[in-house]
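Data first, discussion second: the structure below is written as structure tokens.
Here, each number is a calculation from the coordinates, and none is a lab measurement. This structure is a prediction, so every number in the text was calculated from the model and none was measured. Here the Cβ positions follow ideal geometry from the backbone for every residue, glycine too, while neighbour counts run over all protein chains shown.
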Amino acid sequence: MGMFYVDVSSGDFATHSQLYAHGVLDQDGHARPPWHRVQATSDASTLWYALMRKRSHGIWLGALTMRGGDHHTKLLADGWEDVPPERTGESLGGKSAELAPTPFDSERWERLNGRSPDIGSEGPPTRDR
């Protein structure tokens with residue numbers, strides 16, 4: 001998936017690629033307000049990381065944390081909300097982020113790996129999937 005951003009006014013998430021596609025980055029490739037980069041590894045995947053948000057002092061805060069880890073559990077206990085990955089980019093209009101298939105999504109996994117009649121129907125992987 002890559003780098004994630006949170007819209008501090010709405011609590012919505014988007015990837016760097018989505019912001020680029022919608023012209024929300026400045027000439028240096030930085031997101032324009034109200035988008036703020038979520039501090040995390042630049043190659044985060046929603047397979048392993050949870051998108052978390054919480055409203056505080058009139059703005060939305062965003063975080064990425066390892067699913068099922070102690071920090072994830074602590075954030076949930078502190079009132080943070082786990083945002084479904086498929087909602088990434090919805091507020092920008094158009095379709096949401098195309099998520100990469102996981103081994104747990106066996107139908108898409110089989111298609112991607114050429115073990116299904118619909119071979120290649122998903123196309124090559126992109127930065128957002």
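Things to note:
- Full extension of the chain segment joining Leu61 with Leu76 gains 4.0 nm, where the gain is 0.36 nm per residue of separation less the Cα-Cα distance.
- For the pair Leu47 and Ser9, the difference between a 0.36 nm per residue extended length and the Cα-Cα distance amounts to 11.1 nm.
- Two-site label geometry, Gln39 and Gln27: point separation in nm, points 7 Å out along Cα→Cβ: 3.0 nm
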